[in-house]
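Accompanying notes for the structure given below.
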Amino acid sequence: GIVVLIESLLIGMKALTYSAQEAIEEDERKGEKGLSNFAMTLTLLISFVLGLGLFVILPAFLAGEVTDKGWAFNLIDGFIRLVMFFGYILAISLMPDIRRVFEYHGAEHKSIYAYESGEELSVENASKYSTLHPRCGTAFLLTVMVVSILVFSILGKPSSYFIRFGSRVVLIPLIAGISYEVIRLASKRSQSGIMRIVIAPGLLLQRLTTREPSSDQLQVAISALKELVRSEERCDIS
């Protein structure tokens, strides 16, 4: 699980870098100045540190101030993390720019559904599909939070703050690997009654992180997917 996850993350980072480079070159052709590589790296680093602080360190600190019991500590820690995560999603969804991002997110899912169904990538074919997808990164994040509660409950509450916070960071690969396998299994057996229950929370959360896209947004998603497929085919040939 963790090996495949790391490989997927590396591929994802390469794809993001490729997309960013394409956008920069497009801006340069238009005479506009885009973000430098340093600026993008700094942005990613700051985002990672803030995410680690808000969703890992702060919940553990607050839970430690409430109780000393291991099982209660981990339940409260997980509950605080979930509340903060949902609150964060709700807050940013009020921003017009983010709402537009969520519309493109929905367009992405629709185009992927059409591609996975073997249909021609067109607005007409993609528009009939749902904006909710079982393998979405949103569902993965929620699964990570739930799995982390179970894993940390086994460990109890470490006595020192250093070990408590350090264990949360060190165990991220293990928790992410387990979560990845859960999402992959649920996607393969999505018609199973048990798996429907497993993926239901992630699909419900996507009602916040996806919106119904316009035809223009759907066309953008389809064009991006077609370019990605062409890039993969070129790599396979070379």
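The values are calculated or read from the model by the stated rules, or taken from the named source; none is laboratory data. Computed from a predicted structure; not experimentally measured. Glycine gets a Cβ as well: all are built from the backbone with ideal geometry, and neighbour counts include every protein chain shown.
Laid out as a table, the results:
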{"read-out": "Residue list for segment 201-238, filter: assigned to a helix (DSSP H, G or I), touching a helix residue (DSSP H, G or I) at 6+ places or on another chain (Cβ under 7 Å) and not hydrophobic (A, V, I, L, M, F, W, C)", "value": "Pro201, Gly202, Gln206, Thr209, Ser215, Gln217, Gln219"}
{"read-out": "Index of the failed condition, Tyr161 passing every other in (1) of a type in the set (Ser, Thr, Tyr); (2) modelled with pLDDT of 85 or more; (3) under 21 Å from Ile80 (Cβ atoms)", "value": "(2)"}
{"read-out": "Candidate set: segment 37-85, residues that are among the small types (Gly, Ala, Ser) and surrounded by 15 or more Cβ atoms within 10 Å (Cβ to Cβ); chosen: the one nearest to the chain's Cα centre (by Cα)", "value": "Gly78"}
{"read-out": "The lone exception for Ile80 - which of (1) within 30 Å of Leu218 (Cβ to Cβ); (2) aliphatic (A, V, I, L, M); (3) in contact with a Leu (Cβ under 6 Å, 6 or more places away or on another chain) it fails", "value": "(1)"}
{"read-out": "Residue match in segment 210-224 (condition: surrounded by fewer than 14 Cβ atoms within 10 Å (Cβ to Cβ) and farther than 30 Å from Leu94 by Cα)", "value": "no"}
{"read-out": "Helices (runs of 4 or more DSSP H) completely within segment 86-186 that count 3 or more residues being buried (at least 16 other Cβ atoms within 10 Å of the Cβ) and either of a type in the set (Asp, Glu) or in contact (Cβ under 8 Å) with a residue 12 or more places away in the chain (or both)", "value": "96-116, 137-155, 161-170"}
{"read-out": "Among (1) surrounded by 19 or more Cβ atoms within 10 Å (Cβ to Cβ); (2) outside any loop (DSSP other than H, G, I, E, B); (3) touching a residue at least 24 places away in the same chain (Cβ under 8 Å) - the single one Val198 does not satisfy", "value": "(3)"}
